[in-house]
Structure formats: structure tokens, C-alpha cells
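Just so it is clear, none of the values below were taken in a lab; they were calculated from the coordinates. Predicted, not measured: the structure shown is a model, and the values here were computed from it. In this analysis, Cβ positions are derived from the backbone assuming ideal geometry, glycine residues included, and neighbour counts consider all displayed protein chains.
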There are 4 protein chains.
Amino acid sequence: MPDLIQDGDFVFIFLDGKRNWIRRVKAGESFHSNKGILAFDDMIGRPFGHKMESHSGIVFQVHRPSHTDVQIAMGRNTQIIYPKDAGTILVQASIAAGSRVVESGTGSAALTGILARAVGPAGRIFTYEIREDMYIGAQKNLTKFGLTDNVTQHHQDILEGIKEENVDAVVLDLATPWLLVDEAHRALKSSCFLVSYSPTIEQTMKTCKAMSEEGKWGMIKTLEIFQREIMVRENKTRPTTWMVAHTGYMTFARTMSVEE
Amino acid sequence: MPDLIQDGDFVFIFLDGKRNWIRRVKAGESFHSNKGILAFDDMIGRPFGHKMESHSGIVFQVHRPSHTDVQIAMGRNTQIIYPKDAGTILVQASIAAGSRVVESGTGSAALTGILARAVGPAGRIFTYEIREDMYIGAQKNLTKFGLTDNVTQHHQDILEGIKEENVDAVVLDLATPWLLVDEAHRALKSSCFLVSYSPTIEQTMKTCKAMSEEGKWGMIKTLEIFQREIMVRENKTRPTTWMVAHTGYMTFARTMSVEE
Amino acid sequence: MPDLIQDGDFVFIFLDGKRNWIRRVKAGESFHSNKGILAFDDMIGRPFGHKMESHSGIVFQVHRPSHTDVQIAMGRNTQIIYPKDAGTILVQASIAAGSRVVESGTGSAALTGILARAVGPAGRIFTYEIREDMYIGAQKNLTKFGLTDNVTQHHQDILEGIKEENVDAVVLDLATPWLLVDEAHRALKSSCFLVSYSPTIEQTMKTCKAMSEEGKWGMIKTLEIFQREIMVRENKTRPTTWMVAHTGYMTFARTMSVEE
Amino acid sequence: MPDLIQDGDFVFIFLDGKRNWIRRVKAGESFHSNKGILAFDDMIGRPFGHKMESHSGIVFQVHRPSHTDVQIAMGRNTQIIYPKDAGTILVQASIAAGSRVVESGTGSAALTGILARAVGPAGRIFTYEIREDMYIGAQKNLTKFGLTDNVTQHHQDILEGIKEENVDAVVLDLATPWLLVDEAHRALKSSCFLVSYSPTIEQTMKTCKAMSEEGKWGMIKTLEIFQREIMVRENKTRPTTWMVAHTGYMTFARTMSVEE
């Protein structure tokens, strides 16, 4: 028995990699795009994962939004940590069901959502954002997609201090992460991960340098991830022509206990 | 108050990227390597995340094993799905806290462990393995690392059928995944993900072809992931000389509801 | 004493990676772009490699066109073999000063030009093109850039046969290269290179299969090349966001002598 | 009529990517490897590009050494500029038949050989090496492979000055290339290329910084090249598992004329 679409549900309407939308189903209303119109009433009662034809004959797929669909929709028009990097952060930093994670900055909350789904109801995300407009936009995004249950939003400069203690991971996407490594160390459990994501190599160098002092951090490692899509078409199989060559460098390190 | 290492705990003993070990702490015994000996009694009562010097003066780091440490330890000497690919599978296929996931083959259970951690106590992994030696080895691995609570192991050829229904994801690492796409469709909820991991392009082509028939699958997409490590050292920053150039292609597709 | 720009010379006018032009200097006329106007009279008598400011205050660089500048200008609006691949072809196939090389198809002659420069006056390029419009366009391009001296253009389907013998290399960019491997073998000196460039993996597979029969080819090897640009800017150093992820696969093989 | 192997010729004896050798044919002697013995007398009079079976039944291919075979043989056991990078240097810096090129350091002369072949008898390579052992080793290598005709070796620290003027390109593989950019500018024709190859990002940054001062350099661009090999085998086609992830960054810049 498939899940049926109901009034008020979110749907992911997909045409291709560039033309796709997340919309809330509203009885009596329609989805409009320059590729055609779909009446929401025609979706209601049908299962997630079906094809719909617009009046102009274009066939759309209608899906339940996946975690990355939501991530990308939240982050549209802003710089976000891409799914390829988010996956590496989860796996390399042992973020999973039940983890308590500090994040900063919240930004559009695109990564916050992925983290919140990953840690589930037994975990919690504590996310810091200094800019008021971002803080409010993130709140709207999290509310809209039902991701507030296990997220605590702080409208605060994380450089002023982390309120939480004994967290399982700290994930930073900051302009000056090196200023926070000591504070992150204080907030983390021992032998747990700090992840710092930076677009430039200079930021990465400064962060690694700050970490390498005082013996507080172990197993410091910097990774970059490339994702290539292969178009598998009969007798025309080939990678896509363009790919994202760079998003950011991710530095991982584990807290060393500094015993007195 | 840091977590203190106790008798019976697992520790991850780290020297460098190639020389590292997961061992269970046993009071009165020692860890032996060709780089020196560490007495477990010297670890007990100290926090995870500390440095220990062997008698020969080599400094080791002693950590709580991370998810990927365990994944790699389980898979040692076998072909496993790498952390870089595992992260992409989790994020792209919306596998997170609470998900119910079918996996085959179990292999060394290296990916099973990552999946089990990701879905947590509210989720469950159903993993199929046809070879008895692998089934038993996986059972030992999962038991050893305390990963059995939310894992159901089937010693069975998955091509004979999937016992579960309405699962949230199916993850295949099979020699002939194209033979299972119909059965996977039957087992999956609508608009949920099948992931097929294959080392060769021919396997990938056959799987995509099988999926493209009958309109049962939407948004079929094949990805490959590269991970590069950057050695950040003052005035010597550069990527590592060698990297893994290929592990496998990952094909993702969502179930389309086939309405009658 | 620098080379001075003269009436009739080609210049490469550069603003950035996307906005750059090759133009022939004409006394009394001007270069027009939406970024401003440059009078050719102001270029004449100045050295190649200088900066010129348009009336609107935009600063352009004026250079002698490099081999790749010409290659890209010739190939604009068509699919060409990129510089990154052309370099690998030259080096891997031992194409250098004095080589005699068969090429097909000519296309826009973008690669023909690179090959002609590489082999110099002591070598020669024999290039085949079946389509009349391409043949004529290539002729215009080669004439315009002064590349006709060591190039023989054939307006002919190379599948009908290669007219030359004992050549040092054969470079194919054809839809069906596997149909030509025997003929290429006949035209090549022993222990010399065939290079086949194909966008799809199926073409590559068929070509390798055709080569692996009859023991006529040795050291068959397929490569792909990625080129990434690093933007080195003080405190902002990072790779470019986008890169070309795929142009084509290049298969190299050496003729084995088939002795009777 | 194929080229026949004669006493005194060099041959490239190939088993696979790791086991291959360049040897000089000597009548009455043999090639010995742990995979078997080949009598040179059995090679003499046969064409380049044939298969030979050792007494132990292993089949070797016997080829005319290609430019990259020689490059790799010269550079064995040292750090060399790889073929993938050499190809990009030739094409991007317009080095071709007839070019006059300054290079430093000579090292094993592996790149010198590629450059010498590329520029041919009408061009010339001027190569600088400060270390006497390297200078002598390079001389032996160049003599052995018949590459001395158009190469001038300087046993000199290039930082003390470039003896040549009006050269077409300067190619640097130095520890401190930023100290040479002014001198390179003086030696180069206007609107011609300096290429600097450096393993680390700090070297690359310093070189770009030195170039960006005083407006002497235009179109500064830093590239890195990845080369991936695809193993095309029926039903087993896949990229090789490992690849070289990093050799060096290549910075290209063109001389701007500094007019007074």
C-alpha cells in the first residue's frame, strides 16, 4: 500500500536536474511553471512517485522530497555545503542517530536539516548564526520542512562561546574557524570530531596551524570530494561535460585529552 | 568530564594512515606492534583521545573507534564500499535515523555497520548474504563491535526474494544487480531509493537498462566520488601523491508507483 | 628588442577567460566589443604583450596568439579536442618536430593546427574530412592562421582508405573508429601510435575490442585527462568552482608487426 | 617495409605498466629479467613492434622507445615532470618545432628530452643545473638516448642569471621559482610564456605573487592535471583503482612589455 499524497504534503516536482521544485500541495490550487501547469487536486490521493502530464504534454515526476532535495531547496541562491560534502561529514565525523552536534553558521539551514535528519529524535543539533536575516530565514526553512523538533537555534556569534558541553561533533562553516578551535575543544567530548569547512586553502592552513598547537588535536586530516555524474544512455554513456570542481576543503580532527 | 577507557572497551590505536589498529582493552595484557608495545593497564582510567609512548619512544594516539575506523577494520583484506561512497549513499538515498534498509551482500558487514549506526535503534538493517563463510564472518564482526541490536542477518541469496516490505531503501553490492531491480521495487515504499554499487561500467549499464524498462523507476542517476587528501604542512602543503581513482559507480533511482 | 605589432598581424585581445578575441590588425580600423573600443592604429608599432585601455576605461591585454589561443578560436562553437587532451596526444604518441601524422576528421581544424605546429616544416599533417562544409571551413581557418604549409587536406571519407603510408601516427576523432583500425595499421610504421578519441565509453569499448583481435596492436591503453584551474589570489586561493568533467576518452595503441 | 631492429638500437621491452625496460640491443648478449631471458640475436632483423616469448613462456612486446618511454626511463628513481604535465606544458606554452626554450633544473633530463624532441633540429633547449652529480647524470642520459644535438647544458645556478636572450619559453622546476621571475622576463621575448612547476601550494602562491607585481606578467594561470587510466576489458571495464593524485601545480604567465 503506497503512501498517498494528501493536502498539505510537500512534493518534489521533477523535470530534470535543473528544473525541479518543492511545493506544498494545496487543494484547489495549481503548480505553475513555464513548462506547464499541474493541478494539486490531481495529485491528492495518488501515491508519491508517479508521473503527471501537464496540459502542454510535458511529463513531470512527483516524489516525496528526499533529504537532499530539501537541502538543495533550502540552500537555493546561497552557498551551501553540498550533499557530496555533507555525506563525508556524517560518515567521517561519526554523526549518526543519537548524536548531539554543534553547527555554525546556520546559513540557510540546508546542512542543519541534513544533520537533524541524521541524528533523529534521540539526537540534537545546536546551530549558531550571527546574522539576524539568516537566523530568521533559517527558522522559516526549518519550520516549513518540519525540522524543528531536534534543532536548537542560537542567534549568536559562536565566537562568543559555545553554550553546550560534551557534544559529539562540531561542524564549522565560518570565515575564521581558527579562532574557534579552542572553544570547540572545550565543548567536545574527548576523542570526538571537529569538522571545519572552508572554501580557500589559506583558511584551511590557518585552521590546521591553530589545531597543531598545544597538542589538543589528533589525526588532523583535510579532504576534498569530487562528485562526477555518469549519463548512462544506450550507446551514449559518458560523464556529464561539466562538474563542480571545488566547493570547499574539509578538515577533520579529534579532540585529544589534555591531562594535567 | 571525559569518557575514561575501561577494561573491555575497544580502542583505536593510531600511528599514521597505514599503521593503525582497533583492539579490545584487556587488563594485564599488551598491544604489540613492530613499532612498540603498549600496556593496556596504562590505558585504563585515562580518557579516550590521549597520547601514549611505547618503550621504544614511538608516540601513538589512543581514540574511541569512529564509525569509519570500524568500517575499515571490518573490511580489511576485502573489497568494501569506502567511507566516501558510504557517505554519499546515506545522504543521497535519505538513509537516516529511523530508516528501514535492505542490504545485499553483507560481505564483511563493513557497510552494514555504517548503515546500522545511521538508522539507530528506531531503524533496522536487513542484510542478505549467500556465502556461508561471509555470513559467519559478518556475524562475528557485528557481534564484536556491538552492532547486532538493529541488524537482521539473512543467510540467503537475495535473488530468491526479499522478505521485507515497505522498506525505506535498498542498497545493493551484487555481481548482477539488474536481476533484482523488480524485486527491490516490490520491497520498497513508493518514491524511495534503490542504490546499486558496481565496480564496472557494464554492470552499471545493465542495471540502468533494467531500471529504464516499464516505467517503474524515476530520476535514475549514476555517480562516482573521488576523495583527495590535502597534506597541510607549513610551507609544504600539497595533495597526497596517490589517491584511489575508482571504487565503484553508484546508481540511484526512486520507485515510481505503477498504478493499475 | 621586442616584436612590434604590424598592420596585418593577428593579435589576441584578452579581458578574462570568457571574453577574449583573436583579431587581425587593420590600420585605420578598430576592435569593437561591449567592453569598449580599441583603435588598431594604437596597437601598431607597440610590442606584443602590452596593456591597452579602452575609452570606457577597461584595460585589455594584447598578445601574440598562442597555439591554444588559435586552437580555441578555430574551434569556437564546435566540439574540439581540448588543449589538455591535445597535449597528452602529442606526448603519449611521440608526435613532435618532423612527424608525419594522419588525422580524421578535420572538423574545424583546431587540432590540425596544433599538430601542424608540433611537427613543423620537416613534418606533415594529412587530414581527412568527409563533410564539404567542414572541409571548406577548415581550409579557411588554416589559411587565415597561416597553417597550410605542412598540411594536406583530403576532402574524403577516411573509411574509404588512407592514401599515405609509413606515417608516424594516426589520430582519429570519428564516430566509428573501430572500422578504421585495420586501415590505420596498414598506414602506420611498425611500433607507432594510433590515437582514437571518443566521447562515449561504448565507442571506446568497440575500438579496444577491434584492436584486441588478430594481435595487430600492442600496449593498448585508454586515458582520460582532467584539468583543474587554481585561482591563486592572496588569502582567497581556491580551485575554480566549475571544471570540464569530460571531453573524451583517448585510446592509444602501437602497431605490432604481423610477420608471415 | 617495417623498420628492422639492428645491433645497437634501443628497444622498449614491455610486459605491463610496471615491468618494462629500455635496453640497447647487443649482438651475442641477452636481456635478463625475473620473468625470463630474451636473446638480442633473436631481435636483430625483426621489426620494431613484435612479440617475443622467453624460454619460460612469458610473452614480451618489443617496441621502438617512444618519447614518454624515454622520459620515464630517464627519470626512474627521481621526481620527474610526468608526461601528463609535459603535454600541457608543450601545448599551453606554445612550445613546438623551432622553439628556443630555457629550462631549469635539468634534473635527470627527462623533461629536457621531451622538450628537445618537441622543438626539433630548428629549435634548441638551454638547460641549467646547479648540482654536479645531476649535471653529469643528465649528460649521460642525453648522450645515451641521442638527444644532445639541440641541447645546451649549463652547469650553473640559474639564479645567477640566464645567458640566453629572446627565448620563446622558460620552464622552471625550481625550489624557489619566485626568485627568477624577473630574470625570466628579461630572457623571454615579449608575449611569451614562463611555466613554473611546483609541488606545493606555498611555492605556487609565492610565484604568483612575485609575478603580479610591477605589471610585467599577463594572463597568469595555474593548472593541475589528473590522468586516469580506464581498463577496457570485456564486461570488466573500469578505471584503475589507484591514480597519481598530485604531481605539481603549473603556473603559466606571458611577458608583458614594460614600455618606458
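Before moving on, here are some points about what is shown:
- Across chain D, the mean sequence separation of Cα contacts (distance under 8 Å, 6 or more residues apart), normalised by length, yields a relative contact order of 13 percent.
- Exam field: B:K18 pseudo-label spacings to other copies (7 Å along Cα-Cβ), nanometres: 1.3, 4.6, 4.6
- Taking a quarter of the surface of the Cα convex hull of region D:171-249 gives a mean projected area of 6.9 nm².
- Kirkwood hydrodynamic radius (C-alpha pairs) into Stokes-Einstein, the protein assembly as shown, 10 °C and 1.306 mPa s, D in µm²/s: 50 µm²/s
- Dimensionless Rg over Rh [region B:72-197; C-alpha; Kirkwood]: 0.92
- Area projected by the alpha carbon convex hull of chain B, averaged over all directions, nm²: 16.8 nm²
- Residue among D:A39, D:G57, D:F10 farthest towards the positive dipole end of region D:10-65, charges placed on Cβ: D:F10
- Take the Cβ atoms of A:N235 and C:E214, set R0 to 30 Å, and the FRET efficiency comes out at 0.75.
- When the Cα positions of B:L172, B:L142, B:A118 are compared along the charge dipole of region B:111-239, B:A118 comes out farthest toward the positive end, with charges on each C-beta of Lys, Arg, Asp and Glu.
- Exposure proxy ranking, count of Cβ atoms within 10 Å, fewest first, for B:V258, C:V195: B:V258, C:V195
- Pairwise inverse Cα distances across region B:1-91, averaged and inverted, put the Kirkwood hydrodynamic radius at 14.1 Å.
- Exposure proxy order (Cβ contacts within 10 Å, fewest to most) of C:T241, C:T251: C:T241, C:T251
- Position B:N34, label points 7 Å along Cα→Cβ, spacing to each other copy in nm (shortest first, one decimal): 1.7, 6.5, 6.6
- Antiparallel DSSP beta bridges within the protein assembly as shown, percent to nearest 5: 65 percent
- Note, ³J(HN,Hα) from phi for region B:114-129, Karplus 6.51, -1.76, 1.60, rounded to Hz, x at Gly and Pro: 4, 5, 4, 5, 5, 8, x, x, 7, x, 7, 10, 10, 10, 10, 9
- With a 10 Å cut-off around each Cβ of D:117-130, the average count of Cβ atoms from other chains is 3.
- A simple rule links phi to the HN-Hα coupling: the Karplus curve 6.51 cos²θ - 1.76 cosθ + 1.60 with θ = phi - 60°, which for region B:78-95 gives 10, 7, 10, 6, 5, x, 4, 7, 4, x, 5, 4, 4, 6, 6, 9, 6, 8 Hz, with x for Gly and Pro.
- Per residue, the convex hull spanned by the alpha carbons of region A:10-63 comes to 68 Å³.
- Placing R0 at 30 angstrom, the Cβ-Cβ distance between A:V258 and B:R76 gives a FRET efficiency of 0.40 after rounding to 0.05.
- Those lysines that a straight Cα-Cα span of less than 16 Å connects to B:K209, excepting residues fewer than 8 apart in one chain: A:K236, B:K221
- Closest approach of a chain D Cβ to the axis relating D and A (residue, whole Å): D:I201, 3.
- Here B:R228, B:R233, A:R124, A:R76 are placed in order of increasing Cβ neighbour count within 10 Å, fewest first, which gives A:R76, B:R233, B:R228, A:R124.
- Working from Cα pairs under 8 Å separated by at least six residues, relative contact order for region A:10-63 is 35 percent.
- Between the residues C:S198, C:S104, C:I225, the greatest Cα displacement towards the positive end of the dipole of chain C, with unit charges on the Cβ of Lys, Arg, Asp and Glu, is found for C:I225.
- For region B:112-258, the ratio of Cα radius of gyration to the globular rule of thumb 2.2 N^0.38 Å stands at 1.22.
- Computing FRET efficiency as 1/(1 + (r/R0)^6) for B:S33 and D:W21, where r is the C-beta to C-beta distance and R0 is 45 Å, gives about 0.75.
- Residue-by-residue Karplus 3J(HN,Hα) for region C:221-227, coefficients 6.51, -1.76, 1.60, Hz, glycine and proline x: 8, 10, 10, 10, 10, 10, 10
- Average partner coverage of C:60-66, which counts Cβ from other chains inside 10 Å: 5
- Copy-to-copy label distances for C:K51, where each label lies 7 Å from Cα along Cα-to-Cβ, are 4.9, 5.8, 6.3 nm in order of increasing length.
- Shielding by partners for peptide D:248-256, expressed as the average number of C-beta atoms from other protein chains within 10 Å of each residue's C-beta, is 4.
- Ellipticity at 222 nm from helices only: DSSP H runs of n ≥ 4 in chain C, each -39500 (n - 2.57), divided by the residue count, give -7000 deg cm²/dmol.
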